[in-house]
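Structure record follows, encoded as structure tokens.
The values are calculated or read from the model by the stated rules, or taken from the named source; none is laboratory data. All figures in this text were calculated on a predicted structure; none of them were measured in a lab. Cβ coordinates were reconstructed from backbone atoms using ideal geometry, including for glycine residues, and neighbour counts include every protein chain displayed.
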Amino acid sequence: MNGYVIASVVFLVIIIVFFPVCRQIYFKRMMRDVNSLDFKAFEKDVDSFWCKMAFSAFERESLRLSMYEMTGNFAEGDKLVQMMENMRLNKKQKAELGERGFYLYLEQGRVKKARHMLELCKQNGSEKQAQNLEILYSVLLCKESKSIDILKEKVAALENDQNAGAKQAVGTFEYLIGLQYSYRKDWKQMREWLEKAQADLKDSPYLEDIHKLLEAHPA
């Protein structure tokens, strides 16, 4: 066996065995950094040589965006989203970036930037993915009440699902329905749906808004 064949075998072993292990190790390290909000350790890990070898640039920057979101560093998150949009991305990555960027700008109430991210997702993602963002854009940013019926259908489709994730989704839909009734000043329907949402949602950022609306419009 000549030197070229040996080198090729060694190279294949490194690709097949070493890199998946390296990915697993660094992914755990970076998630630990994100969860503990240790930005200094995260920057060291995500920019390390082996992390760059094991993860694509898009994967690493997506994790960096998670850290900015967790720490509330929206200014750096905004810069990063714009930088990532100029990367060479496939359609799946563009759709993922559109969704991530949408939620980043939704939290800040930045209507135009959220719309831009929504369009990026619509052009590259699934119809269901884009529809969900469109509803959030309409209800939370534009204060429209045109999505009540479609959200009621979503609630009905999930009402017998006992999965915790499904229950959280139902609670979110109920909140969005109640919010739309508040735009119509239909306080009775608003209370009905928000009380359902309150029972179904746990540890949700929407709970504070639900409490305020119910207190402002008692039965």
Residue check, residue 95 loosely packed, with under 13 Cβ neighbours inside 10 Å, at pLDDT 80 or above and under 30 Å from residue 137 (Cα atoms): no
Count of residues meeting criterion [more than 23 Å from the chain's Cα centre (by Cα), at pLDDT 95 or above and either not charged (D, E, K, R) or not in a helix (DSSP H, G or I) (or both)] in segment 159-188: 7
Tell me, yes or no, whether segment 111-125 has at least one residue that is β-branched (Val, Ile, Thr) and not assigned by TED's automatic domain parsing to the domain that holds residue 89. no
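Filter segment 156-186 for residues that are of a type in the set (A, V, I, L, M, F, W, C) and in contact with a helix residue (DSSP H, G or I) (Cβ under 8 Å, 6 or more places away or on another chain) and give the result.
Selection gives 158, 166, 169, 170, 173, 176, 177, 179.
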Spot the failing condition for residue 84; the list is (1) within 22 Å of the chain's Cα centre (by Cα); (2) among the aliphatic types (A, V, I, L, M); (3) modelled with pLDDT under 95, and only one is missed. (3)
What do you reckon, is residue 54 surrounded by 16 or more Cβ atoms within 10 Å (Cβ to Cβ) and modelled with pLDDT under 90? yes
Tell me which residues, restricted to segment 117-134, are in a helix (DSSP H, G or I) and farther than 14 Å from residue 103 by Cβ. 119, 122, 123, 124, 127, 128, 131
(1) modelled with pLDDT under 95; (2) surrounded by 15 or more Cβ atoms within 10 Å (Cβ to Cβ); (3) closer than 18 Å to residue 131 by Cβ: which one isn't true of residue 156, the others all being true? (2)
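Each row is one residue, and each column tells you yes or no for (1) of a type outside the set (D, E, K, R); (2) surrounded by 18 or more Cβ atoms within 10 Å (Cβ to Cβ); (3) within 25 Å of residue 130 (Cα to Cα).
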residue	(1), (2), (3)
44	no, no, no
47	no, no, no
99	no, yes, yes
117	yes, yes, yes
120	yes, yes, yes
Checked segment 123-141 for anything more than 21 Å from residue 171 (Cα to Cα) and at pLDDT 95 or above; matches are 123, 124
Among the residues in segment 108-116, are any in contact with a Ser or Thr (Cβ under 9 Å, 6 or more places away or on another chain), farther than 19 Å from residue 147 by Cβ and either among the hydroxyl-bearing types (Ser, Thr, Tyr) or in a helix (DSSP H, G or I) (or both)? no
